[in-house]
Amino acid sequence: MNGSAERFETVVVGGGQSGLAVGYHLARLGRPFVILDAHDRVGDAWRERWDSLRVFTPAKFNGLPGMRFPAPGLSFPTKDEVGDYMAAYAERFALPVRSRIKVDSVSRHGAGYLVKSGDAAFAADNVVIATGACHTPKVPSFASELDPQITQLHSSSYKGPAQLSEGAVLVVGLGNSGAEISHEVAHTHRTLVSGRGTGEIPAPHGTGAAIFVLPLVKFMGTHVLTMDTPIGRKVEPQFIKHGTPLIRTKLKDLSAAGIERVARVVGVRDGRPELADERVLDVTNVIWCTGFSPALGWIDVPVFGDGGRPRQYRGVVDAAPGLYFVGLEFLYAAVSAVLPGVGRDAGYIAKHIARRANEAQPATVTAEMASMSR
């Protein structure tokens with residue numbers, strides 16, 4: 001190991017909502033740790049998303065452990081308000097976040113782990129991977145075959161319609177991001193959307209839903225759809241594959257906005273998107289709302305199963321003691337990757353770390369006493 005590596009009991013990789021929640025619980029339990037984050041400022045993971053984005057859950061559900069969200073309870077905060085809340089949260093609880101540190105690798109070293117970032121290294125008994133679910137944009141391989149004159153964006157780099165060229169827009173993907181972005185773009189461009197529907201929450205989004213519907217959805221996603229229930233284990237594979245149902249912008253809203261639904265995009269012909277029905281679209285813009293991949297290959301520890309997901313239970317990896325995950329889609333429950341759900345998962349992991357440290361302490365003391373008696 002690099003002799004200049006800094007030593008910590010726990011290194012948390014990622015300073016978004018999940019990493020901050022883990023930090024809060026570790027601090028409450030009196031355990032030492034550091035949070036490493038690649039962004040310039042706490043909250044930038046939210047600030048960098050598209051300009052008009054608002055969260056789907058009302059403010060009363062969006063607070064992290066120990067601090068309510070500072071907005072009217074039934075309002076739906078903007079992405080910048082969420083980012084500013086994250087920064088205020090880290091400051092209020094004096095969480096040790098080190099910004100502009102992008103972790104390149106995590107590997108085993110002895111009984112612990114070595115975390116590397118460029119020339120810097122951090123040694124730790126525990127590592128919590130809190131890089132979240134929206135990490136690496138997923139785009140089909142044939143995207144590179146599109147005519148270079150076609151403007152291509154992934155939803156992660158989309159800010160607003162001003163980025164687009166004149167002409168028609170094809171939005172690929174009909175999850176919540178695809179529905180919201182296509183609805184916005186349709187105000188200024190002819191818009192087509194391709195993708196399989198993910199279902200819909202059967203109620204209009206807004207204040208009424210915040211009062212009557214979303215509390216039920218939150219309860220179901222927190223307590224019913226978990227890895228400890230038969231229905232949760234049945235739903236989990238489909239949830240991971242297809243995503244959440246449409247929440248705010250529904251299919252009828254797309255139809256009312258004049259958006260044309262088209263068949264699945266299967267490839268490229270003559271530089272243009274080709275559909276499953278052999279239609280070739282003459283568009284000047286393509287927005288890929290095709291989700292993200294976990295992209296956890298930088299973790300050099302053999303704990304991954306099919307699909308690249310870690311083999312874990314509630315974020316605890318039995319095959320690699322001291323390695324934890326938080327903030328992934330359906331880590332434990334349907335709400336595990338969103339603001340209303342990360343606090344519970346973070347608390348479970350922090351307690352596990354504290355218990356592990358307390359169990360190791362007697363052995364350490366015994367070894368020190370034996371050394372002194374020699």
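The values are calculated or read from the model by the stated rules, or taken from the named source; none is laboratory data. From a predicted model like this one, the values you see are computed outputs, not experimental measurements. Glycine gets a Cβ as well: all are built from the backbone with ideal geometry, and neighbour counts include every protein chain shown.
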Only listed residue being closer than 30 Å to Ile299 by Cβ and touching a strand residue (DSSP E or B) at 6+ places or on another chain (Cβ under 8 Å), chosen from Gly173, Gly118: Gly173
Count of the range 182-229 residues which are of a type outside the set (S, T, N, Q), within 30 Å of Thr151 (Cβ to Cβ) and either modelled with pLDDT of 95 or more or in the same structural domain as Glu329 (by TED's automatic domain parsing) (or both): 9
Criterion: at pLDDT below 95 and either in contact with a helix residue (DSSP H, G or I) (Cβ under 7 Å, 6 or more places away or on another chain) or part of a helix (DSSP H, G or I) (or both) - qualifying residue of Thr249, Thr244: Thr244
Residue under evaluation Ser293, criteria (1) surrounded by fewer than 18 Cβ atoms within 10 Å (Cβ to Cβ); (2) touching a His at 6+ places or on another chain (Cβ under 7 Å), criterion not met: (2)
The range 221-241, residues that are surrounded by fewer than 16 Cβ atoms within 10 Å (Cβ to Cβ) and outside any loop (DSSP other than H, G, I, E, B): His223, Val224, Pro230, Ile231, Arg233, Lys234, Pro237, Gln238, Ile240, Lys241
Identity of the residue in the range 255-266, in contact (Cβ under 8 Å) with a residue 12 or more places away in the chain and out of contact with any helix residue (DSSP H, G or I) (no Cβ under 6 Å at 6 or more places or on another chain), that ends up nearest to Val286 (Cα to Cα): Val265
Options Ser182, Ser194: the member that is under 23 Å from the mean Cα position of the chain (by Cα), more than 25 Å from Leu331 (Cβ to Cβ) and among the small types (Gly, Ala, Ser): Ser182
Filter result for the condition that a residue is touching a Phe, Trp or Tyr at 6+ places or on another chain (Cβ under 9 Å) and either modelled with pLDDT of 95 or more or exposed (fewer than 15 other Cβ atoms within 10 Å of the Cβ) (or both), over Gly258, Gly308, Gly271, Gly267: Gly267
Pair list, Cβ < 6 Å and 6+ apart or interchain, from the range 131-160 residues that are farther than 15 Å from Leu281 by Cα to residues that are of a type in the set (Phe, Trp, Tyr) and modelled with pLDDT of 95 or more: Val139/Trp288; His154/Trp288; Tyr158/Trp50; Lys159/Trp50
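Scan the range 277-327 for residues that are assigned to a strand (DSSP E or B), of a type in the set (A, V, I, L, M) and without any contact (Cβ under 8 Å) to a residue 40 or more places away in the chain and jot them down.
Val280, Val316 - these are the residues of the range 277-327 that are assigned to a strand (DSSP E or B), of a type in the set (A, V, I, L, M) and without any contact (Cβ under 8 Å) to a residue 40 or more places away in the chain.
Results for (1) without any contact (Cβ under 8 Å) to a residue 24 or more places away in the chain; (2) surrounded by 17 or more Cβ atoms within 10 Å (Cβ to Cβ); (3) at positive phi; (4) among the acidic types (Asp, Glu), shown as yes or no for each residue.
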{"residue": "Ala162", "(1), (2), (3), (4)": "yes, no, no, no"}
{"residue": "Gly175", "(1), (2), (3), (4)": "no, yes, no, no"}
{"residue": "Ile181", "(1), (2), (3), (4)": "no, yes, no, no"}
{"residue": "Leu192", "(1), (2), (3), (4)": "no, yes, no, no"}
{"residue": "Ile211", "(1), (2), (3), (4)": "no, no, no, no"}
Sole exception among (1) under 21 Å from Val172 (Cα atoms); (2) within 21 Å of the chain's Cα centre (by Cα) for Met227, by number: (1)
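So that you can scan it fast, the table gives a plain yes or no per residue for (1) among the acidic types (Asp, Glu); (2) in contact (Cβ under 8 Å) with a residue 24 or more places away in the chain; (3) in contact with a helix residue (DSSP H, G or I) (Cβ under 9 Å, 6 or more places away or on another chain):
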{"site": "Gly14", "(1), (2), (3)": "no, yes, yes"}
{"site": "Gly19", "(1), (2), (3)": "no, yes, yes"}
{"site": "Asp44", "(1), (2), (3)": "yes, yes, yes"}
{"site": "Asn62", "(1), (2), (3)": "no, yes, yes"}
{"site": "Met86", "(1), (2), (3)": "no, yes, yes"}
{"site": "Arg92", "(1), (2), (3)": "no, yes, no"}
{"site": "Lys102", "(1), (2), (3)": "no, yes, no"}
Failed condition for Val127, given (1) aliphatic (A, V, I, L, M); (2) part of a helix (DSSP H, G or I); (3) under 25 Å from the mean Cα position of the chain (by Cα): (2)
